[in-house]
Amino acid sequence: MHTFAFFDFGSMDEREDILGKSYDDILQIAADLNLPRYTALQITDWLYKKGAESFDRMSNLSRESRKLLSDKFFIGRQKPSDMQISSDGTRKYLFPVKAGKHIEAVYIPEPGRATLCLSSQVGCKMDCLFCMTGKQGFQGNLSAGEILNQIVSLPEKPEVTNFVFMGMGEPLANTKNVLKSIEILTADYAYGISSSRITVSTIGVLPGLGEIMARSKCHLAISLHSPFEEERLSLMPVEKVYPIKRVIEFLKKNPPARHRRISFEYIMFSGINDTPRHVNGLTRLLNGIRCRINLIRYHPIPGVNLASSPDDTILQFKNKLNEKGILTTIRASRGQDIFAACGMLSTLANSNKVYPA
């Protein structure tokens with residue numbers, strides 16, 4: 001049995017991470033430190049384009065400037081403390097974050113592309129029945145720098161083509177830092193990644209949904225799992241606060257621009273949400289929305305009495321939805337043997353235990 005190692009980082013000083021600061025933020029930092037305005041662009045260039053791991057590397061800044069910066073800030077890069085490799089090539093990385101806690105990120109290679117699944121929170125407060133992260137509980141939001149560190153400190157960083165906020169946590173319960181990380185990912189002064197390569201997943205937190213649609217061009221993936229209110233509520237407590245019908249009404253009133261892809265994630269539970277009645281319910285619910293449905297096999301987790309629909313049932317469900325005019329695909333399960341598949345991420349922060357892989 002393989003378990004992740006945990007480390008005690010001891011007391012932390014009061015310096016901030018500079019990783020995760022935007023150009024405007026760094027412009028203000030330069031002003032606060034009485035540095036020339038042009039140093040802001042030099043710092044962002046070293047930080048994001050050149051990948052400097054220390055202020056001493058920023059050779060076109062004066063020694064005094066570098067000293068002022070290092071007195072106030074850390075760079076904020078933190079290498080993963082452990083890694084597991086699946087039989088299918090998927091890699092799960094454990095990253096330390098503040099206060100001795102940890103999060104996981106998953107690297108998924110495929111022919112012609114490679115996807116990095118990013119976490120946005122330590123644990124999650126949404127408590128979906130089928131999700132291991134929810135069983136862990138909620139220990140805090142990640143900063144923009146802690147989100148970006150999963151990218152910049154990944155050994156396979158040069159190979160990554162796509163980024164999905166589908167790891168630990170609900171991204172739209174941490175909208176401020178998720179948006180800041182997306183800003184830096186897509187900005188010309190930083191990484192210059194196209195928004196079309198980024199997808200944000202949500203269970204339908206409406207305030208955050210409106211904000212991310214207004215302030216980014218990323219694709220959206222909305223966790224659906226049942227078209228029926230009571231049934232969805234039994235799987236996802238968020239249904240009580242943000243019913244899926246309200247989410248759909250919002251999308252109909254605020255139709256996404258053509259560049260933005262909207263998909264609905266649908267985990268298939270045997271005997272629960274995989275019947276012809278559900279096909280008809282989905283067809284009615286999603287009528288009038290340009291979207292696709294991704295069907296996902298349920299990945300069993302400890303203590304939850306649910307089973308995945310059989311493969312032939314999933315295939316029939318997909319075919320019936322396609323016949324109804326809703327583009328539907330089946331997502332391949334990756335990394336299940338190392339607990340890296342959808343709904344399986346968990347670290348039990350501040351503990352020497354994790355769920356076994």
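The values are calculated or read from the model by the stated rules, or taken from the named source; none is laboratory data. A quick note: this is a predicted structure, and the numbers were derived from the prediction, not measured. Because the Cβ atoms are built from the backbone with ideal geometry, glycine has one as well, and the counts that use them run over all protein chains shown.
Data overview
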read-out: Asp88 part of a helix (DSSP H, G or I), under 22 Å from Val160 (Cα atoms) and either among the charged types (D, E, K, R) or under 17 Å from the mean Cα position of the chain (by Cα) (or both); value: no
read-out: Candidates Gly288, Gly303, Gly343, Gly325 - the one that is in a loop (DSSP other than H, G, I, E, B) and surrounded by 16 or more Cβ atoms within 10 Å (Cβ to Cβ); value: Gly343
read-out: Residue list for segment 262-285, restricted to those being outside any strand (DSSP E or B), within 30 Å of Lys217 (Cβ to Cβ) and either in contact with a Ser or Thr (Cβ under 8 Å, 6 or more places away or on another chain) or not charged (D, E, K, R) (or both); value: Leu282, Thr283, Leu285
read-out: Pick from segment 306-322, criterion under 25 Å from Thr133 (Cα atoms) and polar (S, T, N, Q), ranking: surrounded by the most Cβ atoms within 10 Å (Cβ to Cβ); value: Ser309
read-out: Residue under evaluation Leu224, criteria (1) in contact with a Ser or Thr (Cβ under 8 Å, 6 or more places away or on another chain); (2) closer than 29 Å to Thr186 by Cα; (3) at pLDDT 95 or above, criterion not met; value: (1)
read-out: Residues satisfying the stated conditions in segment 127-166, i.e. among the basic types (Lys, Arg) and surrounded by fewer than 18 Cβ atoms within 10 Å (Cβ to Cβ); value: Lys157
read-out: Evaluation of Ser153 against (1) modelled with pLDDT under 95; (2) over 27 Å from Ser234 (Cβ atoms); (3) polar (S, T, N, Q) (one fails), failing number; value: (1)
